[in-house]
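Structure, as structure tokens:
The values are calculated or read from the model by the stated rules, or taken from the named source; none is laboratory data. Just so you know, these numbers come straight off a predicted model, no measurement behind them. Neighbour counts are summed over all protein chains in view; Cβ atoms, including those assigned to glycine, are modelled from backbone coordinates with ideal geometry. Just the protein is used for accessible areas: all its heavy atoms, side chains included, with ligands, DNA and RNA removed. Shrake-Rupley method; radii C 1.70, N 1.55, O 1.52, S 1.80 Å.
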Amino acid sequence: FVEIHGAHGYLGHEFLSPIANRRTDEWGGSLENRMRFVVSVAKAVRAAVPAAMAVGARLSVTDWLDGGFNPDEAVAVAKALKAAGAVYICASSGGISPLAKQPAAPSYMVPFAERIRHEAGIATRAVGLIEDPLVADAIVAEGKADLVALARAILGDPRGRWRAAAMLGEHVKPIG
């Protein structure tokens, strides 16, 4: 798969966020204009990769600041990305300003993935301090997201994926 990065203050997010995007042309102002860049990128990527390759997008669903990109807008962007050929949204947050007051509790971004999944009708990946495989399994089982990223857990423990599999009653056969 290919993932378009429209989060954490990177270029796609800069266009989406009214905090960063102060343009007055067709690339700024209204949400329709601000999402034009990331939707155009999604269409171009979808056209350039093989049909069997999934295309997804990572979005900062909220800037955590008044007047910033927000979950209502993220749902609209997710719908537009789905229409452009994306098959999932990774629902993250923040990154546009150091002034943001972003909470830091386990699973704090899961509600964003759940909302986009239900309102935009697209698969989502939940992120945000999710380290426990049993919590990740529950997120998927409860329909809050279709995928869960365990980046910190795996980066912090190179054998973490095997431990997670064992916790969930699975056996992983090593390759090599």
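Using a 1.4 Å probe and ignoring any ligands, DNA or RNA, find the accessible area of Ser40 and quote it in Å² to the nearest 10.
50
Near the amide H of Cys90, under 5 Å away, which other amide H atoms are found, from residues 5 or more places off or on another chain, if H is placed in the peptide plane?
When sequence neighbours closer than 5 places are left aside, the close amide H contacts are Ala57, Arg58, Leu59, Arg125.
Are there any GluC sites (Glu not before Pro) in the stretch 82-138 that are in a DSSP loop and have at most 11 other Cβ atoms within 10 Å? List them by number.
none
Asp137: accessible area at probe 1.4 Å, nearest 10 Å²?
Spelled out: Asp137, probe radius 1.4 Å, area about 80 Å².
Protein chains only, probe 1.4 Å: how do Arg163, Arg36 rank by accessible area, largest first?
Ranking Arg163, Arg36 by accessible area, largest first, yields Arg163, Arg36.
Could you work out which residue, out of Lys144, Lys43, Lys101, moves most in a Gaussian network model of the chain, that is, has the largest mean-square fluctuation with Cα springs under 10 Å?
Sorting by GNM fluctuation, first place goes to Lys101.
Anyone know which of Ala76, Ala105, Ala86 comes out most mobile in the 10 Å Cα GNM of the chain?
Most flexible of the set in this elastic network: Ala105.
Leaving out ligands and nucleic acids, and using a 1.4 Å probe, what accessible area per residue does the stretch 1-156 come to in Å²?
Accessible surface, normalised per residue, equals 48 Å².
Would you mind telling me the share, in percent, of accessible area of the stretch 1-154 contributed by carbon and sulfur at probe 1.4 angstrom?
57
Does the stretch 96-176 come out rounded, prolate or oblate by the C-alpha gyration tensor, with a ≥ b ≥ c the root eigenvalues, rounded set by a/c under 1.5 and, if not, prolate when a/b is larger than b/c and oblate if not?
Oblate is the answer for the stretch 96-176, as a/c is 1.5 or above yet b/c matches or exceeds a/b.
Kindly state, as a whole number, the per residue volume in cubic angstrom of the convex hull around the alpha carbon atoms of the stretch 37-148.
Looking at the stretch 37-148, the number lands at 107 Å³ per residue.
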